[in-house]
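A short write-up of the structure that comes next.
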Amino acid sequence: MADCSCFKSFFFEYETNKVVVFKSPHLGVLKWAIQAGVLIYICIILIVEKRYQDKDSVISSVHTKVKGVAQTDSRIWDTAEYTLPLQGLSAFFVITNVITTENQTQGVCPETPTPQTICSTDKVCKKGYIVPRSNGIQTGKCIKYNANVRTCEISAWCPVESDRQAPEPAVLNSAENFTVLIKNNIHFPIFNYTTRNILPQFNVSCMFNKTTDPQCPIFRLGDIVEEAGESFSKMAVEGGIMGIQINWDCNLDRLSYHCRPKYSFRRLDDKKATEAVHPFYNFRFAKYYKHADGTEARTLIKAYGIRFDILVFGTAGKFDFFELVIYIGSSLSYFGMATFFIDCFLTSRHCCCKKIPAKEFYSLKKSKTFSGPLYVLMYVSFVDEDHIIFVNKKLDDSLQNSEGKKVQKHTGSIPDDVSNLPPGLEAASPSVPHSDHDMLLASNIELNPLQKDADSPPWCHCGKCHSMFTFQEQLCCRRSPGPCITSAYLFERLVLSRSALEFMLSYSDPFLNTNNEHITAKFRHCAYSQYIRWRFGSKVLMHYCVIPSCCRWTIRNKYPKADGKYHSFIPKPVS
């Protein structure tokens, strides 16, 4: 039955919050002002950031073509010479300056002078030793590098590269007039949408300009560097890294379709030589050939230049009903800010150490104060004590041994229910007054000593208690040894008497059917109630009054359960 009740309360009940309405023009205007501000904010974010759209990130591929020809003092430079493809990167490299070492062959020659390679005798040079940043392997000899300096001999490509600065101005300073065509194809997989940066009406003679032609995919290298706030002639001397950023911010809704790239530029490398390790950008490569006699030779080139990294990023958005619902649902919580701010202001009862009556009134109507839930609350009554004990703590031993607060007992000598018994039962009542009978139970009469059962638990003092599993049920009717309350005449007539219990049950059910199969359970629970009325004087604390083990089992034996299984007593927590 309990499970069925929980099922019904879960599925067939509705709970809502209680609302307190304060009729105040000031609070009403403040509330609507805050909520209007929230509504405007939500609408602006909805429109500006397009929160009603589903989003997808871009997938991109890039292909570049560099065009241009330059002439120096000694040669003509074309695309095949000054551009080097970078495998696996959306990037291209343009040579702007070079240092060449020609006609190198395999042999032995002096190393470039450094603090580690300058020598005076052969003892300084170690055969087979490789100095960090060396050009070759030492042979163990110390030879002349020039008329004034001697260095260790090495086995390497000779003559070694000279340690000289990059030429200034740059050899290919005119590379700023070179152009690059950037082909960028993109795809948004969620929307299955594909496009590219080259328009159908593409003009091959166009040139990118942020103002006049922002969609042209052909860029002048000098313009790219200048757009980033740099000088091409200075950057060309020792090289650097430039970033070409392509941002796709696409709106795929039919009524407001837009999906074109936006180009921007910035320098990516650290140009401060004092702070960077190996600043700027350069590398070495060689061109190999053979002499007429078959000797292998090469030209070593130290190339300075600008690497252009193409960075593609962006998102596409398209209207989605579920995204709109999610945004609206999440935004509804913002309307509670009005109540939150007003409550924060009004529930601060004191301002400048002075009480404000309006705030006191608001707090009184808005909230109620309750003490926290108690861990456990129990009332205990012993027949040999004239007061009730109030216990409010977690039990770590039997309730019999627990200390608690003393509470005044019910003032009436006989409960009102007893006075309402039928005439037959009143005649059968004992001639001894109730108060005298309690005195008889409270005394230890030497002529009739207590005979305690050997199986009685250690906390039992009447000899009729049963062993109980829980601490809150380990309770005897007495604090000290003496007769059990179940042997009292009034216990029999008031608690156990079937006639008395039928009379009490008739209060709630005038047509009580004593032949009902559940009548025994009703008698048992009514007997519990009768004991509590008698010993505690009230039925209000029914769920918190503990019936002693001896009384509980006497009642159970009188009105037993068919299967013999009984529930343990668990006191209800209160607030």
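The values are calculated or read from the model by the stated rules, or taken from the named source; none is laboratory data. No experiment lies behind these values; they were computed from the predicted model shown. For neighbour counting, all protein chains shown are included, and Cβ atoms are generated from backbone atoms with ideal geometry for every residue, glycine included.
For the stretch 61-85, the tally of residues that are crowded, with 17+ Cβ neighbours inside 10 Å, in a strand (DSSP E or B) and either touching a residue at least 24 places away in the same chain (Cβ under 8 Å) or under 28 Å from the mean Cα position of the chain (by Cα) (or both) stands at 5.
Whether a residue is exposed (fewer than 12 other Cβ atoms within 10 Å of the Cβ), of a type in the set (Gly, Ala, Ser) and at pLDDT 70 or above was assessed, and Ser333 passes this test.
Among the residues of the stretch 302-310, at least one is touching a residue at least 24 places away in the same chain (Cβ under 8 Å), in contact with a Ser or Thr (Cβ under 8 Å, 6 or more places away or on another chain), β-branched (Val, Ile, Thr) and closer than 27 Å to Thr211 by Cα. Residues considered: Ile182, Ile130. Of these, the only one that is in contact (Cβ under 8 Å) with a residue 24 or more places away in the chain and either loosely packed, with under 15 Cβ neighbours inside 10 Å or out of contact with any Lys or Arg (no Cβ under 7 Å at 6 or more places or on another chain) (or both) is Ile182.
Note on the stretch 336-382: residues that are in contact with a helix residue (DSSP H, G or I) (Cβ under 6 Å, 6 or more places away or on another chain), at pLDDT below 80 and hydroxyl-bearing (Ser, Thr, Tyr) total 2. For the stretch 514-560, a residue qualifies if it is more than 14 Å from Leu501 (Cα to Cα), at pLDDT 90 or above and aromatic (Phe, Trp, Tyr), and exactly one does: Trp553.
Here is the figure for the stretch 496-531: residues that are in contact with a Ser or Thr (Cβ under 8 Å, 6 or more places away or on another chain) and buried (at least 18 other Cβ atoms within 10 Å of the Cβ) total 2.
Yes/no per residue for (1) hydrophobic (A, V, I, L, M, F, W, C); (2) assigned to a loop (DSSP other than H, G, I, E, B); (3) at pLDDT 90 or above:
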| position | (1), (2), (3) |
| --- | --- |
| Lys262 | no, no, yes |
| Lys271 | no, yes, no |
| Thr274 | no, yes, no |
| Val277 | yes, yes, no |
| Arg298 | no, no, yes |
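Residues that are under 43 Å from the mean Cα position of the chain (by Cα) and either within 14 Å of Tyr263 (Cα to Cα) or modelled with pLDDT under 95 (or both) occur at least once in the stretch 196-217. In the set (1) at pLDDT below 70; (2) not in a helix (DSSP H, G or I), Lys318 fails one condition alone, (1).
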